[in-house]
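Structure record follows, encoded as structure tokens.
The values are calculated or read from the model by the stated rules, or taken from the named source; none is laboratory data. Note that this is a predicted model, so its numbers are computed, not measured. Note that each Cβ is placed from the backbone with ideal geometry, even for glycine, and that neighbours are counted across all protein chains shown.
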Amino acid sequence: MAHPEGSIVEGYLAVECMTLCSRYLNTIKTKFNSPERNYDGGVIESDGGLTIFCEPGKSLKGSSPDKIDSHDLEEAHLYILKNCEEIQPFLEEFSQIHSEASQQSSDVEWNRQFISWLQKKVAELYKHDDSKIITDLLSLSCGPLPYVTRFKGHIVNGYRFHVQEYDKYLKTQNCGVVVVSETGEEQKHMNYYGELTEVLELQFVGERRVILFQCTWFDVYDQKKGVKMDEYGFVNVNSRRCLKINEPFVFASQESQVFYVIDHSNKDWHIVQNVQPRDYFDILEKKDDDLEELDNSTQMKRKRTH
């Protein structure tokens, strides 16, 4: 006769034994001390250089380096420069010097003038200071190499992202992205929803690398035909309306993940569902006045006893 209860007990006993042993075997990899599936490697400590070259993340299924369109390469370089914290003082200085000329020149001319000015500025600094951060600035100002590595996915911030082309063959969905950006003079927060199309690794001189996500963005400016809030408080986006602005790039570390549910009453519209990263928990940090008073009184008693 079968004895399921005994089998369950034996199985549970085996798990308990393995758990106990694994606590004393720190040097051996077990399922109890292994990193979780979407672990991105953690924060990489900067060695005095640019933080942009120390972003956490783990790329999935890469290809051999191949050429990228020159226009896309220029747009990617500009995005990196304008969103790098250490470049902001140079941007402000250039804007002050060329304040009058910037009103007459187009955005394309202004961007090219800034890159040319930045290269000369950093090269001059490098003559008197060859520290790590100046060396990184010199490499960044010179621009990325004309070859990029494309990946099918990337793990960052506890999320596992897949590019749209690879994602469509899977039963799961991992290509939905959202970026929170500050817009307007009042710096209001705005969510940009889209889909991941490319994961690009840009290479700079000195084996420096930056991971960028290339995305298609839904039209979130049109509050009627592009994005809307339904009666239940869920955000809905029109999958057939995309932004026409040419700003497809974003840092991988800036992304969060969303899931799009098709609205069967209108298949052009997708309902946005936010995704919670694995092993990430929203803990309500609320102070309990009674516990705080008890803790303070306990500390006072301890002081009096010494």
**Study point:** Residues of the range 45-60 satisfying the condition of being outside any helix (DSSP H, G or I) and either farther than 16 Å from Ile133 by Cα or touching a Ser or Thr at 6+ places or on another chain (Cβ under 8 Å) (or both)
**Key:** Gly48, Gly49, Glu55, Pro56, Gly57, Lys58, Ser59, Leu60
Revision key, fill the gap. Among Gly6, Gly11, the single one that is free of Cβ contacts under 8 Å to residues at least 12 places away in the same chain, loosely packed, with under 10 Cβ neighbours inside 10 Å, outside any loop (DSSP other than H, G, I, E, B) and not assigned by TED's automatic domain parsing to the domain that holds Ser139 is Gly6
Review point. Does the range 10-33 contain at least one residue that is hydroxyl-bearing (Ser, Thr, Tyr) and closer than 30 Å to Asp107 by Cα?
Key: no
**Study point:** Test: residue in the range 93-101 that is closer than 25 Å to Cys54 by Cα and surrounded by 12 or more Cβ atoms within 10 Å (Cβ to Cβ)
**Key:** no
Practice item. Scan the range 187-219 for residues that are buried (at least 19 other Cβ atoms within 10 Å of the Cβ) and among the β-branched types (Val, Ile, Thr) and jot them down. Key: Val199, Val210, Ile211
Practice item. Residues being at pLDDT 85 or above and β-branched (Val, Ile, Thr): count how many of those fall in the range 16-58. Key: 2
Point to revise | Residue that is farthest from Leu202 (Cα to Cα), among those in the range 231-252 that are surrounded by 15 or more Cβ atoms within 10 Å (Cβ to Cβ) and either of a type in the set (Asp, Glu) or in contact (Cβ under 8 Å) with a residue 60 or more places away in the chain (or both) | key: Pro248
Review point. Considering only the range 55-70, how many residues are within 21 Å of the chain's Cα centre (by Cα) and either among the aliphatic types (A, V, I, L, M) or not assigned by TED's automatic domain parsing to the domain that holds Leu81 (or both)?
Key: 1
Exercise for review: Pick out the one residue from Val122, Val148 that is aliphatic (A, V, I, L, M), in contact with a Ser or Thr (Cβ under 6 Å, 6 or more places away or on another chain) and assigned by TED's automatic domain parsing to the domain that holds Phe213.
Suggested key: Val122
